[in-house]
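What follows draws every value from the coordinates through simple rules; no lab data is involved. Nothing here was measured: the structure is a model prediction, and the numbers come from that model. Cβ coordinates were reconstructed from backbone atoms using ideal geometry, including for glycine residues, and neighbour counts include every protein chain displayed.
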Amino acid sequence: MPKALSSEVDTGSRKENAAKQRRRAGSKRIQLKYLVGGSYEGSRENLARITAAAALRKARQLLQQGYTDVRICTPRGQVLLPDEFDRLEKQEKTDIANVARRAGRW
């Protein structure tokens, strides 16, 4: 016997159902990424990293390997050149401190 499509009885309240839907939708969110790119012998390589620290490591690795035109694009669209990488490092430390401060309040 086929299952009923929409005639299932809802046992939870509206608030509970809304919270469940938000949790389900939250698990499907796309996490913004840092993009790291560089040129080497006529080809361009673009890589995605989830954290600023990982993006900095990869960008510095590309520079050591002889890549030119190495850049990091932040999730907010800011493009950083090698002489500006320190700014991203400082920003990450500030973000970590803000998250820790907010966690202490909750």
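When you work out D = kT/(6 pi eta Rh) for the stretch 33-106 at 25 °C and 0.890 mPa s, using the Kirkwood radius from C-alpha pairs as Rh and the Stokes-Einstein form, the result is 189 µm²/s. A DSSP coil position with no more than 10 other Cβ atoms inside 10 Å describes the following trypsin sites (Lys or Arg not before Pro) in the stretch 46-106: Arg76.
The charge dipole of the stretch 48-106, taken about the Cα centre with unit charges on the Cβ atoms of Lys, Arg (+1) and Asp, Glu (-1), comes to about 340 debye, rounded to the nearest 20. Subtracting the Cα-Cα distance of Ile50 and Asn98 from their residue separation scaled by 0.36 nm leaves 15.4 nm. Net charge in the neighbourhood of Glu89 (other residues with Cβ under 15 Å of its Cβ; Lys, Arg +1, Asp, Glu -1) is +2.
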